[in-house]
1. How big is the C-alpha Rg of the chain next to the rule-of-thumb value 2.2 N^0.38 Å, as a ratio?
2. Which pairs, out of LYS33/LYS266; LYS280/LYS377; LYS224/LYS377; LYS233/LYS400, put more than 26 Å between their alpha-carbon atoms?
3. Between beta-carbons, use under 15 Å as the cut-off and find the net charge around GLN380, counting Lys and Arg +1, Asp and Glu -1.
4. In the chain, with Lys and Arg counted as +1 and Asp and Glu as -1 at Cβ, which of these residues, GLY256, GLN281, SER32, has the Cα nearest the positive end of the dipole, that is, farthest along it?
5. So which residue, out of ASP346, ASP55, ASP119, gets the largest mean-square fluctuation from a GNM of the chain using Cα contacts under 10 Å as springs?
6. Name the residues whose placed amide hydrogens come within less than 5 Å of the amide hydrogen of PHE174, ignoring near sequence neighbours (fewer than 5 apart) on the same chain.
7. If you line up the Cα atoms of the stretch 144-248 on their principal axes, what length do they span on each, largest first, in Å?
8. Identify the GluC sites (Glu not before Pro) of the stretch 97-190 meeting these criteria: DSSP loop state and at most 14 other C-beta atoms within 10 Å of the C-beta.
Amino acid sequence: MGYTDCRSDPCSPREFFPVNPFLLNLECSACSKVHSPRQLINLCPCGNPLLVRYDLPAVQASLPQKFQGSRPQTMWRYEELLPPGNSQARISLGEGGTPLLDAGGLASSLGLSRLWIKDESANPTGSFKARGLSAAVTMAKALGAEKLAIPSAGNAGGALAAYAARAGLQAHVFMPRDVPPANRIECEALGARVHLVDGLITDCGRLAAQQARANGWFDVATLKEPYRIEGKKTLGLELAEQLQWRLPDVIIYPTGGGTGLVGMWKAFQEMRQLGWLDSKQPRMVSVQADGCAPVVRAFEQGKPRCEPWSQASTLAAGLRVPRAIGDFLILEILRQSGGTAVAVTDREMLDEARTMGRSEGLFVCPEGGATLAALKKLIQSRFVRPSDEVVLFNTGSGLKYLHLFEA
Ligand SMILES: *Cc1c(COP(=O)(O)O)cnc(C)c1O
C-alpha cells in the first residue's frame, strides 16, 4: 500500500508546530492505516500501536555522510529520524550518548571473542526509559497536552516525572502498591502525583487509561502513543554508530513491554533503507523472568501473540509485565531475526548482576543481570558460539534496587 503524505494535511489542529519535515505520517502496525502527526493521538482506532514513518530517501539525500562527530552526544544527534522539527521544542535532560563498554574480562571468562555492555544506567533518571519519555513529552507538550498519565512498574514513572517537570506539565503516575520504594520516592520528589494501585502494571494501565479519559489527561503508556518508541529507537542508532555502522551477531535485551526491542529493530530497518548498514542482522534475544515470561512461552509455542501471564511475580520490576500491547511485534522480530527468548530466575539475575559488578565495575539493575544469566544459558545450548559478537543491554542502575542487593 502507498502512503499518504501528511505534511500538507489541511485540517491539522496545530499547524504552527513544526514536525520534522522528513516525517511523513503515523502508520498502524497492524492495519497500515495512516494518521496525521499533527494531533495528540494514542492508538489506531483498530486498537493497535502507531509507528512513525519518515521520507527515508529524502533523509538519505540530505545526510550522505551518515553522522558526523560535531553533533551533540545525546540521542538528539539523530534529529532527522526523530519527530520534532524544532530543536527549541526538545524536552531534554541530556538523554542518550551512553557508553558501549568492551567487557573483555567477562568475554574471556565465557570463551567469547567479543562482548559489549551498552550501559543505559548513565541516562537521566538512571534508566533507558529517559529516551522514550524525552521524545514522548516533547511531542505531547508541542501538540498541546497539559497533563500526562502513565502506568509504571518501576522506571518509566520516574522518567515521566522528570521530563514532565522539565516541560512544566503535570504527571500522574499509576504504580503497583509494591513498586520498589526508590521508584515511588523519585516520582514524588520530582513533583508527580503518584496513584498506588492494588495490582500489576496491567491494572495500572487500565486505571491510567480510564482516569485519562475522564480527566482529559494524555496517556503516554508504552506503545499507546507513537513517540516513546522513537526515543527508544536511538538505542539501535547509537549502537550501530558506536560499532562503526555494523551490528553485532546477538543482542540480548531484558523484555517487559518490548519498546526497546521494537524500537531498536525499527532503527535497524531504517538504517538499512538509508544504506548505512551492511546486510548482517543481529539475532534478537528477549530475556524474561521465569515468574513472568509471556514472550518466552508464546515464542516456544509458536504463537503470534502472548497469553496474559497469571500471578506474575519477579523482583525485576521492569520485567513484571504480564501482557504487552506490542507482543505480536516482539514475537515477529525474534522470529524474523533468527533470535530466541529465554527465562531466568530472580536468583540468577541478582547473582549475575553481582558478576557484572565485580568483573566490569558496573552496578547494574536485576534486568541487566538477567542478560548475562541468559547469555550463559545460550552458550550452554550453543545458540551463542564462541565467535559471535554479543551485546548485553544493562537497562538501568542498580541504585534503584538497593533493597534487593542488601546481603
Ligand atoms: C522498563 C524496563 C525494562 C523493560 O523494557 P521494555 O522496553 O519495556 O521491554 C527493562 N529493564 C528496566 C530497568 C526497565 O526499567
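1. 0.92
2. LYS224/LYS377
3. Working: positive: LYS376, LYS377, ARG382, ARG385; negative: GLU348, GLU352, ASP388.
With Lys, Arg at +1 and Asp, Glu at -1, the neighbours total +1.
4. About the Cα centre, the residue reaching furthest to the positive side is SER32.
5. The residue with the greatest mean-square fluctuation here is ASP55.
6. The list, which skips near neighbours in sequence, is ILE150, SER152, HIS195.
7. Over the stretch 144-248, Cα extents along the principal axes are 47, 32, 25 Å.
8. Working: sites: GLU120, GLU146, GLU186, GLU188; in loops: GLU146.
Those that pass, being in a loop and sparsely packed, are GLU146.
Coordinate-derived values only; no laboratory data. Only a predicted model underlies this, so the values are computations on that prediction, with no experimental measurement involved. Cβ atoms come from the backbone with ideal geometry, glycine included; neighbour counts cover every protein chain shown.
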